[in-house]
Amino acid sequence: MACVAGTDKFYIEANGTNIISANEQTKDVCTATKILDRLHREFTEQYVGTAAAGKTVISTALQMNPTFYLRKQPKLATFQGEDATAGDIYRLNKYLTTTGANDQNYRSAVHAVMNGVYTANIAGTTYLNDLTPTAIGFQDDANANNFKGIYGLKKLNEVLEQKITEKVNSMSATTGDSKLLSEVQHYDTRQNIKTTLQEIARRENEIYREKFLHIILVVLGIFLVSSQLVQKYFSLGSSGGTSGGFGFGSGNLFTGFGLGTGSGLFSRFGGLGLGRSGRSRITSMFSNNPYSLSNR
């Protein structure tokens, strides 16, 4: 499974046409590619009940592969008393819906999916344990073959992340590599700054829209209040001996301030400083107004 420099070849693309020869720099990539191909097959392969070209016939030798339980596969007479004449079966689905952790078949199936290893008798306290070695790499076939099941896929991802970090850190400090490292280090910072600026701009636009809406609502409120005040206090006629509007007794609000025919606040100052004629001129401004402020 582990690739050998100068011997093994691999593809990067799933259906790639450009084959790559493994060397000292790419042999780990080659090994990882082969492990991923194997894991993909062990998780997704469809088995058959009878031999067919390009197909794998189901057998107990495959009972450690996750796809043996995850996909709808042919029944196997030699496996847990299944009736091979009854068609296909979703094994894990059957165990999940009809049994539980107290059932040995359930524990064996889950253990195989998680670890890629089948154990006929496994305790309820250990069937979920990770059997993959903590320190694992691509050094040889023994280590490469340890990547099995869901735990193996997880470990493979961890090893690849470690390899990428080691590769970046081992770059020589030449002009080109130094610039590349600088770009790598500051990429996340630039992305965060860009995201922050975009969020600030979005929030500013949102605030401006809210302020504009508030202004419209205030103007509308003033208009409605003023309309109500006009309807309530500025009438077109009079009632009884009292004029409409701000009437107080025989006078009104404005005549009380020297703007009508009676005396008021400004009458003693000559009607806003214009004398009696000036006072009459000011009051005449309202004489033809439909919202008259003086008695008629």
Calculated FRET efficiency for the pair residue 150/residue 84, C-beta based, R₀ 35 Å, to 0.05: 0.80
Straight-line reach check, residue 194, cutoff 24 Å on alpha carbons, 8 or more apart in-chain or any other chain, hits among lysines -> 179
Once you have a ≥ b ≥ c as the square roots of the Cα gyration tensor eigenvalues for region 47-129, tell me rounded if a/c is under 1.5, and otherwise prolate or oblate according to whether a/b is larger than b/c. prolate
Residue 205 versus residue 102, label points 7 Å from Cα toward the beta carbon: distance in nm? 6.0
Quick note on 212, 138, ordering by fewest other C-beta atoms within 10 Å, gives 212, 138
Among the aspartates and glutamates, which have Cα under 18 Å from the Cα of residue 9 when same-chain residues fewer than 8 positions away are ignored? 24, 28, 37, 140, 141
To make sure I understand, if each residue's beta carbon is the centre and we count other beta carbons within 10 Å, what order do 13, 199 fall in, fewest to most? 13, 199
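The numbers here are math on the coordinates, done by the rules we state, and not lab data. Everything quoted here is computed from the prediction, not taken from an experiment. Quick reminder, even Gly has a Cβ in these numbers, built from the backbone with ideal geometry, and neighbours come from all protein chains shown.
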